[in-house]
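Report on the following structure.
The values are calculated or read from the model by the stated rules, or taken from the named source; none is laboratory data. Note that this is a predicted model, so its numbers are computed, not measured. Every residue, glycine among them, receives a Cβ derived from its backbone with ideal geometry; neighbour counts consider all protein chains shown. All accessible areas refer to the heavy atoms of the entire protein, side chains included, with ligands and DNA or RNA removed. Shrake-Rupley method; radii C 1.70, N 1.55, O 1.52, S 1.80 Å.
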Amino acid sequence: MIEKGPEERISSLPAPDGPQRALIVASFVSRVGNGLFNTASALYFTLVVHLPAAQVGVGLTIAGLTGLLAGIPAGNLADRYGPRTVWLTSIALQAVTMAAFVFIRSWATFTLIATLDRLAATAGAAAGGALIARAGGERPAAFRAKLRTFVNLGVVLGTLGAAVAVCVNTRPAYTALILANAASFACAGLIALIAVPDYRPLPRPPDHHGRAVLADRPFVSFVALYSSMGLQYQTVSLLLPIWLSAHTDAPRWTVAAVYAVNSGVCVLLQSRIGSRVETVRQGGRAFRFAGLLFLVSCPLMALTADVPVWIAPVLAVLAVCVHSLGEVWESSAGFALGFGLAPDHAQGQYQGLFGIGFDAGQALAPVILTGAVLGLGHAGWLLLGAFFAAVGSAGPPVAAWAERTRPTSRQTADATRGRPGEAAPLDAD
């Protein structure tokens, strides 16, 4: 990783195991709640609230696009006033908006609440990234990889719990899921309030401003690459299940097996692989390797339509194993470059842009995958794999470019201190 002077290093601030454990527990609790709600949310809105599916889709799209606006402003607030304060505020807002879903009766109310929820979630992601950077000390990428292991485990457990409510299929059952998710946010916030330090803002150079990240062309380029590679997440969660049901005779349990394998591989390997990908250069290489793994997995997924029924589930599981391994390397690359390229004093701002790019890519993914890839059939899968490989191949050169443009330790220290005799500004915009 790029060396930083002692005046700038996050590690100069205490980063004991206690705050890391607290963040892991808080994130685990909130993601169990997410798993409970997200699994059954579409059924609740359509079968219980009786909103047409098309209206639900439009409302979620509006909410998702509007939510992107909160990323950089929330990150700037986290850099200026401390990440814990902003993160706790966003968590509290999400608890309120989630509970409010119990009372929706119209599309307008649904869209308003969903929009407020996405604004809070985006703000929380930006501030949470800065909080992870501070708690992670010298190794924020390794800590983020460990954190993601427990996040995935929490989602799996929540999904299993939601299956009960889906089977019951009554308003009280779905209401219980929603309120449980709201309570998970409240519990997560309480854990962080008690056990995570209120980190003070780090000194910022005089020329710092609230849109500095937009002028960092190497970082913006990497965000674009990572957002494009983010199509791989919905390749497993959206594209493959549709392909299996429409183009193969594989038994229905194959889709459940695909989800289970994907989650299992990520839980088992994320921390182990993530601890090996911490520098910017390692991140670039990991990004390239992920693209090559996707180049292998996508044709394997396409071949499930060309094999006997009893082979299709086996081939699908094999393909998802390869794809999930690529996902672990890709996310590890994202942690290494996302944290490693961001100045310590502007982690919130940088994580805000990082989250905006990823969310934008996820918003476009369904249209691209179901339109272009499914429309082209086998050729679409091959093109998708080639696309991932091409995007991944850009990882090392972008990482090298970014390293060349980072300030040296002495330059950063001088800029942070300002002119001799002046205190480093803490509130410059």
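Out of all the residues in segment 277-294, is one or more under 20 Å from the mean Cα position of the chain (by Cα), closer than 20 Å to A379 by Cα and of a type in the set (G, A, S)?
yes
Quick check on this structure: which one of A342, A336 is in contact (Cβ under 8 Å) with a residue 12 or more places away in the chain, open to solvent by less than 40 Å² (accessible area, probe 1.4 Å) and part of a loop (DSSP other than H, G, I, E, B)?
Only one candidate qualifies: A342.
Is it the case that segment 317-324 has a residue that's open to solvent by 10 Å² or more (accessible area, probe 1.4 Å), outside any loop (DSSP other than H, G, I, E, B), in contact with a Leu (Cβ under 8 Å, 6 or more places away or on another chain) and under 30 Å from L374 (Cα atoms)?
yes
I want to confirm something. Restricting to segment 101-147 and keeping residues that are among the small types (G, A, S) and more than 19 Å from the chain's Cα centre (by Cα), which single residue is surrounded by the most Cβ atoms within 10 Å (Cβ to Cβ)?
Among residues in segment 101-147 that are among the small types (G, A, S) and more than 19 Å from the chain's Cα centre (by Cα), the one surrounded by the most Cβ atoms within 10 Å (Cβ to Cβ) is G137.
Could you tell me whether G35 is surrounded by fewer than 17 Cβ atoms within 10 Å (Cβ to Cβ) and modelled with pLDDT under 80? Full working, then the answer.
Values: surrounded by fewer than 17 Cβ atoms within 10 Å (Cβ to Cβ): no; modelled with pLDDT under 80: yes.
So G35 does not fit the description; no.
Which of the residues belonging to segment 181-203 are under 14 Å from A26 (Cα atoms), crowded, with 18+ Cβ neighbours inside 10 Å and touching a Gly at 6+ places or on another chain (Cβ under 7 Å)?
Matches in segment 181-203: N181, S184, F185.
List pairs: first residue in segment 45-57 and under 18 Å from T115 (Cα atoms) and open to solvent by less than 70 Å² (accessible area, probe 1.4 Å), second residue in a helix (DSSP H, G or I) and among the polar types (S, T, N, Q) anywhere in the structure, Cβ distance under 7 angstrom, at least six positions apart or on different chains.
Partner pairs satisfying both residue conditions: V56/T46.
Scan segment 385-399 for residues that are open to solvent by 10 Å² or more (accessible area, probe 1.4 Å) and part of a helix (DSSP H, G or I) and jot them down.
Passing the criteria: A386, F387, A389, A390, V391, S393, P396, P397, V398.
Quick one: E278 ticks every box in (1) assigned to a helix (DSSP H, G or I); (2) open to solvent by 30 Å² or more (accessible area, probe 1.4 Å); (3) of a type outside the set (G, A, S) bar one, so which box is it?
Among (1) assigned to a helix (DSSP H, G or I); (2) open to solvent by 30 Å² or more (accessible area, probe 1.4 Å); (3) of a type outside the set (G, A, S), the lone unmet condition for E278 is (1).
Only one of G340, G385, G380 is closer than 19 Å to Q270 by Cβ and in contact with a helix residue (DSSP H, G or I) (Cβ under 9 Å, 6 or more places away or on another chain); which?
After ruling out the rest, the residue left standing is G340.
Go through segment 239-267 and give me each residue that's farther than 21 Å from A145 by Cα, in contact (Cβ under 8 Å) with a residue 40 or more places away in the chain and open to solvent by less than 50 Å² (accessible area, probe 1.4 Å).
L239, L240, W243, L244, T248, A250, P251, T254, A257, V258
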